[in-house]
Amino acid sequence: MNKHQGIALFVLLLAGFVTIFDLFVVNVAIVSIEKSLNASLTELTLIIVGYELAFGLLLITGGRLGDIFGKKTLYQAGMLFFILSSVLCALAPTAMLLVIARFIQGLSSAILFPQVYSSIRINFDQQQAKKAFGYLGMMLGLAAIAGQAFGGWLITLNLFGLSWRTIFLINIPIGILAIALSHYLSEGDKIKVNLDWVGVILSSSGIGVTLLPFLMLPIWGWALSSSSILIMGLLLIALFVYYEIKLEQKRKVPLLSIRILNNRPFVIGLFIVMCVYATSSAFPLLLSILLQNGLGLTPLQSGLMFVPASIGFVISSFITPSWVNRYGDKVLLWGAVLYGISYIVLMMNINVTSSLIHFNKLILSLFFIGFTQGMIMTPMLNLVLSTVQMESAGMASGFTATLQQIGAAIGATAALVILQYKLQHTVSKMAFEQLSNAVSFSLLFNVIMALCAAGLLWLLIRLK
């Protein structure tokens, strides 16, 4: 990898960092936002899920736009809108305006993020792409943890009395640097077609309506109306698939070529992505609840508890690519199995009868989780996207990123549902014991998802 490619990779990593950082950082700022803007529970929930919802809406479209107008052009446009929307978030005088600004920020992320995946495919050869995806996986993991630890520190620092607004202002210098260096990126081949606007509307509405009951679970709960909305969303997605098939039969270019779903290794890879990202959202949510509600830690203290996982993830991200080169894709299979075991170890360490958790054991458990997560998440994206042809890179990237969002939404929802069920059916004299048992039980979801990912990886490796 030469100097030019090194700078190009740095530019792509910056985009990956800011989009995922802003997905998680609001979680630790929510109390400060509530006090500052006198926000209601509904508004607070929308501030969090509005970004996630908008992010999921246009990922497929964002990937396709990169194929049509060029990856570099869409990267620059997406980053510019991300900077402007971050300014709107920082300046928001009311909670409702912050909700709107966060939604716009999510839309800009949906345009920006798919270009990261597809640009790696066109800026680097196959061997270099493995390393690039390794660095990207490391950066995405760090961004998720930094959103909690670094975000909590920024709020506590209260620079110039700006409190929570600094978590959005930090995006401005990062974004400006990214745009200034973006000329190092390659545009890639452009396909001369018109955008499938009907497909855009159907896919966006289908994904949005499907995600809505999961993201709004803290307010709505899961009632009959939630099931009805979910069914409506799935019907819209089915209509989208039907329309795209008909469009291809007429020899027109669809938003999403359904033929890509005939690529069995790619489809299996998408389910692996869903399983892994379901765990990545459920784990920090459950542990944060235990640390803050059970042990009474502040958001900053709770965020710092994720640092061991971050260190493990970074170390693994550096080591795993060389292991993959030496031993092949079965390294991911080993990683998935160990990843499931790491959650069993964590369950044993937090399922205690008093609040006297052995923090040394907890720190080692979190390091183990981060390390094994790096073993699977770091090379996973390269493995999945390498199953499609280069001309479909943008479309496949958008599809993969969409499944990441759906997996994360399902994971967070499943974790909350299992936790609430266990709390309602557990009787204990001590509140902490009841909570720790419930959190430990809920982590079984992550064990199951990790083992499902392992099974799918075994199947994918056999097919390849």
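The values are calculated or read from the model by the stated rules, or taken from the named source; none is laboratory data. Nothing here was measured: the structure is a model prediction, and the numbers come from that model. All Cβ positions, glycine included, derive from the backbone under ideal geometry; neighbour counts span all protein chains shown.
Looking at Ser342, Ser288, which one is within 25 Å of Ala409 (Cβ to Cβ), in contact with a Ser or Thr (Cβ under 7 Å, 6 or more places away or on another chain), at pLDDT below 80 and of a type in the set (Gly, Ala, Ser)?
Result of the check over Ser342, Ser288: Ser288.
For Val31, all conditions in the list (1) modelled with pLDDT under 85; (2) over 21 Å from Gly151 (Cα atoms); (3) hydrophobic (A, V, I, L, M, F, W, C); (4) surrounded by fewer than 21 Cβ atoms within 10 Å (Cβ to Cβ) hold save one; what is the number of the exception?
(2)
Within segment 91-120, how many residues turn out to be surrounded by fewer than 21 Cβ atoms within 10 Å (Cβ to Cβ) and basic (Lys, Arg)?
Here the count works out to 0.
Residue check: is Leu88 crowded, with 19+ Cβ neighbours inside 10 Å and more than 16 Å from Phe17 (Cβ to Cβ)?
Taking the combined requirement at face value, the residue does not satisfy it.
Just checking, does segment 325-346 include any residue being under 28 Å from Asp67 (Cβ atoms), in contact (Cβ under 8 Å) with a residue 24 or more places away in the chain and over 22 Å from the mean Cα position of the chain (by Cα)?
Looking for residues that are under 28 Å from Asp67 (Cβ atoms), in contact (Cβ under 8 Å) with a residue 24 or more places away in the chain and over 22 Å from the mean Cα position of the chain (by Cα), one finds at least one in segment 325-346, hence yes.
Among the residues of segment 399-418, which ones are under 19 Å from Leu444 (Cβ atoms) and not small (Gly, Ala, Ser)?
Ile410, Thr413, Leu416, Val417, Ile418
I want to confirm something. Restricting to segment 242-259 and keeping residues that are in contact with a helix residue (DSSP H, G or I) (Cβ under 6 Å, 6 or more places away or on another chain) and β-branched (Val, Ile, Thr), which single residue is modelled with the lowest pLDDT?
Looking at the filtered set, the residue picked out is Ile258.
Of the conditions (1) in a helix (DSSP H, G or I); (2) farther than 30 Å from Trp458 by Cα; (3) of a type in the set (A, V, I, L, M, F, W, C), Leu297 clears all except one; give me its number.
Leu297 satisfies all of (1) in a helix (DSSP H, G or I); (2) farther than 30 Å from Trp458 by Cα; (3) of a type in the set (A, V, I, L, M, F, W, C) except (1).
One line per residue, one yes/no per condition, for (1) in the same structural domain as Leu84 (by TED's automatic domain parsing); (2) closer than 27 Å to Ile60 by Cα; (3) at pLDDT below 90:
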{"position": "Trp153", "(1), (2), (3)": "yes, no, yes"}
{"position": "Ile170", "(1), (2), (3)": "yes, no, no"}
{"position": "Leu181", "(1), (2), (3)": "yes, yes, no"}
{"position": "Ser205", "(1), (2), (3)": "no, yes, no"}
{"position": "Gly208", "(1), (2), (3)": "no, yes, yes"}
